[in-house]
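Enquirer: Let me give you the structure first, and then I'll get to my questions.
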Amino acid sequence: MTDLPPFPPVDPEKVARQRHFAISLFRLSGAFIVMFGFLAIAQRFSWVQGTKAKAFGTIMVLTGLFQFVIVPRLLVALFRKRPPQ
């Protein structure tokens, strides 16, 4: 059997930066989804108009708010549960 080389040591600072980047990316994309939803509610797109635009926009706004507020908190809880090894 061949001996595999040991895993390289994990730099906790690098892991913390990567996790912060992931959380920030989720928040940023959630904000964009919210803005897109408000534009749909305002009927700024020709492909969705009327009551469908308002329903679609509301769904997008709620999805974006969930991604902006809830998902980062879930990620923080997950990252606390599993520290870098």
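The values are calculated or read from the model by the stated rules, or taken from the named source; none is laboratory data. Here the structure is a predicted model, which is why all the values come from computation and not from measurement. Note: ideal-geometry Cβ built from the backbone for every residue, glycine included; neighbour counts use all protein chains shown.
Enquirer: If only one of VAL61, VAL15 is of a type in the set (Val, Ile, Thr), at pLDDT 95 or above and out of contact with any Cys (no Cβ under 6 Å at 6 or more places or on another chain), which one is it?
Expert: VAL61
Enquirer: Now for a separate question. Would it be correct to say that PHE21 is surrounded by fewer than 11 Cβ atoms within 10 Å (Cβ to Cβ) and assigned to a helix (DSSP H, G or I)?
Expert: yes
Enquirer: Among what's in segment 35-53 and is among the β-branched types (Val, Ile, Thr) and either in contact (Cβ under 8 Å) with a residue 60 or more places away in the chain or assigned to a helix (DSSP H, G or I) (or both), pick the residue that is farthest from VAL71 (Cα to Cα).
Expert: Filtering first and then ranking leaves THR51.
Rundown of residues vs (1) in contact (Cβ under 8 Å) with a residue 12 or more places away in the chain; (2) in contact with a strand residue (DSSP E or B) (Cβ under 9 Å, 6 or more places away or on another chain); (3) surrounded by 12 or more Cβ atoms within 10 Å (Cβ to Cβ), yes/no style:
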| site | (1), (2), (3) |
| --- | --- |
| PHE7 | no, no, no |
| ARG17 | no, no, no |
| PHE26 | yes, no, yes |
| ILE33 | yes, no, yes |
| ALA55 | no, no, yes |
| THR58 | yes, no, yes |
